[in-house]
Structures are given as structure tokens and as C-alpha cells.
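Asks: One structure, as C-alpha cells, below. Some questions next.
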Amino acid sequence: MSAAALTSLSRCGVLAFRAPVGLVAVRYAQTAAAPAAQPRVKKFQVYRWDPDTPGDKPRMQTFEIDLNTCGPMVLDALIKIKNEMDPTLTFRRSCREGICGSCAMNINGGNTLACLNKIDTNTSKVTKIYPLPHMYVVKDLVPDMSNFYAQYKSIEPYLKKKDETQEGKEQYLQTVEDRQKLDGLYECILCACCSTSCPSYWWNGDKYLGPAVLMQAYRWMIDSRDEFTEERLSKLQDPFSLYRCHTIMNCTKTCPKVTSH
């Protein structure tokens, strides 16, 4: 056997043989088990409230999670809690990629998407999780979005044409420049992070449309294919729908999609 072959086999640790000139022992490679990782236990305080439990009052419940056995996002922690610790924990989630907006909630004081919010790995700090603020709560981390969606519906968020005889017969074309005007607007996923961070919306949520819906209204007004711009504007000409905005700009700070509020 050549020296090169001997060297190769000995490195792999798979050979023990007797050479013509004495005994050459090749030790098997010794693979030591990796040392067990030290637990990284972090506390999560989660808002709990169950309307079906008589006398139940809102409270914060503490869960402890070893970050070594959990994914990197807050949503991973919530899923782990629900799957392994408390199946009654209730929250919305779907895509896990920041596309659907379902897992919007308030984490450590800021509105965000749980699937995009990384867990703070500092185990000395507690992560606090609440539902979106100033909305009725259905259960635990699930807010009632009924008013928000009703306001969205009120702006008629779809193309409107005055001559509908050609509807469906051909595409509605627009220039590249007109299409670019929609950038920063169409990306909105209606998660309500912005509207529920707005003090003006907290005060007048029944009348003031809020940043998310107003941005959507503007998105259809400037769409070159839409023919109801004047009518859309006239619907906002009251003291509350639009003019309760005081440019506080919380909406811009909290938007997970960085849209053009």
C-alpha cells in the first residue's frame, strides 16, 4: 500500500492493518460529543383574558422558555408556548413571513408583527406581549378588527370606472410613471399597527379613519385608472374622517412594511 493511501486512510480513522515490516496501528478517530449548551431561559409575560370564563380579569402570565430550543422570533416563542405549555393561549398568525399582517401585536411597548420581531436574547430582560392597544379584545392577544375593516370597506378600496360597458373586456393600462406613484402605498398589509399606535385614532376611532385607511384612500385617488377621485375626496370632507390627523407620526415609526404614511 502506498504511503499516500496509508495517510489518507489513517486520517479517516477507518483502518487497522499489519504491514510487512511490523505492526502499524491506526487509531480510529475519536469524536467527542459536543458539550451540552447551557440553558438560556428567558421570561415572557403575555396578556391573558378569556371572556368565556366568568369573573376573569385581564392579567399577565409569565412563561419561561429556553432560547436554545426556540426559533428566533417572538412568534416562535408564542407557538412554542401554545404547543408545549398552554394550548389555551390565543393569538392570530398565518404566513410567518411579514406578508399577511395577522400576528400584529404590541411587543415591549411597540406595535409590530410577531413574526418579524426578533427575541431579545438578553435573558435578564422580560419580553412583554400585549394585543394591539385601544381595541376591544376578543381573547388574549386577539383584537376585534371589526371597526377597522368597516372603515376600510367605507372607502371602496377598488377601481371604479364611470363607463362600465368595457369592464372585463380589456386591461386598464397605465404608464410606468403612473404605476410608480403607487409605490409605498400598495404594500400595506392592513395589520393595523399604524392606526392603533395613533393617539388621534384612540380618541376618535369611531369617526377618524386612521392612517392605514387614509393611506388606502389616497392609493385609489392617485391611481390613474380610477375615475372617482373627486367623489372619494368629497367623502372625506367632514371634521373627523381626515382632519383629526395631527401629524404625530407614530404611524410612520411603527409600520412593519415602511409604507408612505
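The values are calculated or read from the model by the stated rules, or taken from the named source; none is laboratory data. In this text, all values refer to a predicted model and were calculated from it rather than measured experimentally. Heads up, the Cβs are rebuilt from the backbone with ideal geometry, glycines too, and the neighbour counts pull from every protein chain shown.
Asks: Filter the strands (runs of 3 or more DSSP E) completely within region 50-131 down to those with at least 1 residues that are in contact (Cβ under 8 Å) with a residue 60 or more places away in the chain and over 15 Å from the mean Cα position of the chain (by Cα).
Replies: On the way: elements: 59-66, 104-107, 110-113, 127-130.
By residue number, 59-66, 127-130.
Asks: Scan region 101-157 for residues that are crowded, with 19+ Cβ neighbours inside 10 Å, touching an Asp or Glu at 6+ places or on another chain (Cβ under 8 Å) and β-branched (V, I, T) and report the count.
Replies: Final tally of qualifying residues: 2.
Asks: Any residue in region 219-230 that is of a type in the set (V, I, T) sitting within a Cβ distance under 7 Å of a residue that is in a helix (DSSP H, G or I) and surrounded by 14 or more Cβ atoms within 10 Å (Cβ to Cβ)? List the pairs, counting only those 6 or more apart or interchain.
Replies: Sorted first by the residue in region 219-230, then by its partner, the pairs are T229/M221.
Asks: Now, a different point. Would you mind stating whether L159 is farther than 22 Å from C251 by Cβ and in contact (Cβ under 8 Å) with a residue 40 or more places away in the chain? I'd like the intermediate steps shown before the answer.
Replies: Working: farther than 22 Å from C251 by Cβ: yes; in contact (Cβ under 8 Å) with a residue 40 or more places away in the chain: yes.
Here the answer is yes, as L159 does meet what is asked.
Asks: Could I ask something else about it? (1) loosely packed, with under 15 Cβ neighbours inside 10 Å; (2) at pLDDT 50 or above; (3) aromatic (F, W, Y): which one isn't true of F44, the others all being true?
Replies: (1)
Asks: Turning to a different aspect of this structure: For a quick check of your reading of the model, give me the residue pairs whose first member lies in region 192-205 and is in contact (Cβ under 8 Å) with a residue 12 or more places away in the chain and more than 18 Å from P256 (Cα to Cα), whose second is of a type in the set (F, W, Y) and part of a loop (DSSP other than H, G, I, E, B), with beta-carbon atoms closer than 8 Å and at least 6 apart or on different chains.
Replies: Cβ pairs passing all conditions: S200/Y208; Y201/Y208; N204/F240.
Asks: Could you please find all residues in region 134-163 being outside any loop (DSSP other than H, G, I, E, B) and of a type outside the set (D, E, K, R)? Quick ask: steps written out before the conclusion?
Replies: Residues of region 134-163 outside any loop (DSSP other than H, G, I, E, B): 137-139, 142-143, 146-154.
Those that are outside any loop (DSSP other than H, G, I, E, B) and of a type outside the set (D, E, K, R): V137, V138, V142, P143, S146, N147, F148, Y149, A150, Q151, Y152, S154.
Asks: Return the residues of region 188-206 that are in a loop (DSSP other than H, G, I, E, B), of a type outside the set (A, V, I, L, M, F, W, C) and surrounded by 13 or more Cβ atoms within 10 Å (Cβ to Cβ); say none if nothing qualifies.
Replies: The first filter runs over region 188-206 and keeps only residues in a loop (DSSP other than H, G, I, E, B), leaving 188-194, 198, 205-206.
Filter again for of a type outside the set (A, V, I, L, M, F, W, C), leaving 205-206.
The one that is in a loop (DSSP other than H, G, I, E, B), of a type outside the set (A, V, I, L, M, F, W, C) and surrounded by 13 or more Cβ atoms within 10 Å (Cβ to Cβ): G205.
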